[in-house]
Amino acid sequence: MSLKDQLKADMKEAMKAREAGKIALSVIRMVNSAIKNTEINEKRELDDSDVLGILAKEMKIRQDSLVEFEKGHRADLVEQTEAEMAVLKKYLPEQLGEAEIREIVTGVLATLIAPVKMGDVMAKVMPQTKGKADGKVVNTIVREEIAKVNG
């Protein structure tokens with residue numbers, strides 16, 4: 001079952017759950033809307049990897065919002081955002097740990113010749129971590145590993 005089909009099925013379940021599925025329903029509707037808008041703009045049908053990218057983007061938006069809500073001491077918005085993130089987490093693959101990301105980066109660095117450039121490494125690492133790791137974390141690890149290689 002594709003991710004889009006899974007989202008549609010879960011949306012039906014959330015509708016049947018009425019009040020209990022209210023947050024899930026709103027999040028799934030937002031994701032479906034983002035998918036549909038992207039399909040219209042790009043004039044093509046999205047596959048699962050594209051949908052994963054949209055889901056990761058929606059999760060990132062909520063993570064950034066969560067930080068701001070916590071700074072502003074808005075417990076109500078923090079709670080709602082965490083609930084939305086829990087819904088999105090069901091559709092995203094298991095996130096990679098720092099050690100796994102570091103392993104991918106060192107593997108890529110082994111294939112490159114020094115001096116290594118940031119762009120070259122990121123271009124090869126990001127497709128392997130797309131949707132599975134936060135770009136900021138990957139960027140930090142790549143910088144650390146390049147510093148070790150380039151001395």
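A few remarks follow.
- Calculated FRET efficiency, residue 126 to residue 106, Cβ-Cβ distance, R0 = 22 Å: about 0.90 to the nearest 0.05.
- Dipole magnitude (debye, nearest 20) for the stretch 1-86, charges at Cβ of Lys, Arg, Asp, Glu: 300
- Overall, the accessible surface of the stretch 43-151 at a probe of 1.4 angstrom is composed of carbon and sulfur to the extent of 56 percent.
- One Cα centroid belongs to the stretch 1-49, the other to the stretch 72-147; the line between them spans 24 Å.
- By the rule of a C-alpha distance below 16 Å, with chain neighbours fewer than 8 residues away ignored, the aspartates and glutamates paired with residue 132 are 48, 50, 58, 94, 98, 100, 103.
- Solvent-accessible surface of the stretch 1-141, taken per residue with a 1.4 Å probe and all protein chains present: 63 Å².
- Given charges at beta-carbon only (K, R positive; D, E negative), |dipole| of the chain in Debye: 280
- The stretch 53-121 shape via C-alpha gyration tensor axes, a/c threshold 1.5: prolate
- Potential extension, residue 118-residue 149 segment - 0.36 nm per residue separation minus Cα distance: 10.0 nm
- Note on residue 12 and residue 74: their simple-model spin labels are 3.6 nm apart, each label 7 Å out from Cα toward Cβ.
- Cross-link partners of residue 22 among lysines, defined as those whose alpha carbon lies under 26 angstrom from its own and excluding same-chain residues fewer than eight positions apart: 4, 8, 12, 36, 57, 60, 89, 90.
- For the stretch 23-151: rounded, prolate or oblate by the Cα gyration tensor [a/c cutoff 1.5]: oblate
The values are calculated or read from the model by the stated rules, or taken from the named source; none is laboratory data. Worth saying up front: this structure is predicted, and the values here are computed from it rather than measured. Neighbour counts run over all protein chains shown; Cβ positions are idealised from the backbone, glycine included. Only protein heavy atoms, including side chains, enter the accessible area calculation; ligands, DNA and RNA are left aside. Shrake-Rupley method; radii C 1.70, N 1.55, O 1.52, S 1.80 Å.
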